[in-house]
Each structure stands twice: as C-alpha cells, then as structure tokens.
Amino acid sequence: MTMGITLEEMLEWNEESSAYWKGHLDAHPGLLELPCDIGGVATVQAFVAHIWGVELRWAQRVAGLPVMSKEAAPVGPLEALFGLHSKAVEIYRGVLADPEWDWDAIVTLKYDWLPAQAQTSTRRKAMAHGLIHSQRHWAQLATLVRTAGGPAGFQGDLLFSLAIR
C-alpha cells in the first residue's frame, strides 16, 4: 500500500460520487429545477452542467487536448451532462494508463481572474484539482438539496469511499 492517495483512487472516488448523483437525479428529476446560486448558476441542472463540464475541461487540459468551450457544452438533459463526465473519465483513464506520461509537464491557464501562481501547474496537480473540484461541489449540492427539503442521502466523504482502503 502506498502512503499517499493516488490519482487512480481519486478518480474512483469521483466516479462513485458522479454515479450517486446521476442515479439520485434520475430518481428525483424535480431536484434539477431547484434554485441554485452556487457558481453563478440558477438551477441544480445548471450546477451539474458546471460540475461535469469543468471536469471534462480539466481532463482535456491534463491530456493536452483542445478544451471544449463553456458555450459548446450541453445544458441538459441529465444524460447529456453525464456524457461530459464519462468523456472526462475516459480521458483520465487514458493518461493514467500511459506509463510514459509526463506528470510534471506544465498546464497553463490564461484567465485574468486567476492569481499568477495559479495560472500554471503540473498535470498531476491539475488532475487532482479537477477531481477535488467535483467532490467539493457534490457536497455543496447535498447541502442545497437537504436545505430545500429534498432527499439527499449523499455520503461523499472520503471515509465512505470504497475506492480507497
């Protein structure tokens, strides 16, 4: 067993959370219309689009692929949004399977709102950030759903993950 948590384990944890929310939102489609003001969106569906859209864009950056614009991303339905996640996982699995992959290569972001020290990172850090970004937002969504009186049941804490022993 390694001392640290691997990117493979983090990806598995991310997949557990995404699968939970896909199933939960399929079972409770009304939750998609709940108002949501996280990240400048108006509804839970737009928030889920943000989560999985950002996940795909981080995967594309890590892999050195062209990055899908926000405008090109679907806004629904849920199945199309889940497709963003599936594509991100496919990309991440591809780079994780490459024994020659250069994890120290630099990913550069050019956003005026980012401080200078955050505009470059290694691929390793970029992937970890992308996966943690999703986990953080799933926790926010669970709180939002519970606060609105809806069913949540999300156990997204690392302690509950079967991906990490």
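Laboratory data are not the source of any read-out in this text; all were calculated from the coordinates shown. The model shown is predicted, which means the values in this text are computed figures rather than measured ones. Cβ sites come from the backbone with ideal geometry, for glycine too, and all protein chains shown count toward neighbours.
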Given (1) part of a loop (DSSP other than H, G, I, E, B); (2) under 14 Å from residue 21 (Cβ atoms); (3) not aromatic (Phe, Trp, Tyr), identify the lone condition not met by residue 85. (1)
Give just the number: which of (1) over 19 Å from residue 34 (Cβ atoms); (2) exposed (fewer than 12 other Cβ atoms within 10 Å of the Cβ) does residue 164 not satisfy? (2)
Condition met for residue 95 (farther than 24 Å from residue 146 by Cβ, in a helix (DSSP H, G or I) and touching a Phe, Trp or Tyr at 6+ places or on another chain (Cβ under 8 Å)): yes
For the stretch 26-41, give me each residue that is aliphatic (A, V, I, L, M) and under 20 Å from residue 131 (Cβ atoms). 38
Consider residue 22 against the criteria (1) part of a helix (DSSP H, G or I); (2) more than 12 Å from the chain's Cα centre (by Cα); (3) loosely packed, with under 15 Cβ neighbours inside 10 Å; (4) at negative phi: it satisfies all of them except one. Which criterion is unmet? (3)
Quickly run through the stretch 140-152 and pick out the residues that are over 19 Å from the mean Cα position of the chain (by Cα) and touching a residue at least 24 places away in the same chain (Cβ under 8 Å). 148, 150, 151
Take the residues in the stretch 25-44 that are assigned to a loop (DSSP other than H, G, I, E, B) and hydrophobic (A, V, I, L, M, F, W, C); name whichever of them is surrounded by the fewest Cβ atoms within 10 Å (Cβ to Cβ). 42
Of the numbered conditions (1) closer than 15 Å to residue 142 by Cα; (2) over 11 Å from the mean Cα position of the chain (by Cα); (3) among the hydrophobic types (A, V, I, L, M, F, W, C), residue 96 fails exactly one; give the number of that condition. (1)
Tell me, yes or no, whether the stretch 103-116 has at least one residue that is assigned to a helix (DSSP H, G or I) and not β-branched (Val, Ile, Thr). yes
The residue that is farthest from residue 133 (Cα to Cα), considering only those in the stretch 1-19 that are among the aliphatic types (A, V, I, L, M) and outside any helix (DSSP H, G or I), is 1
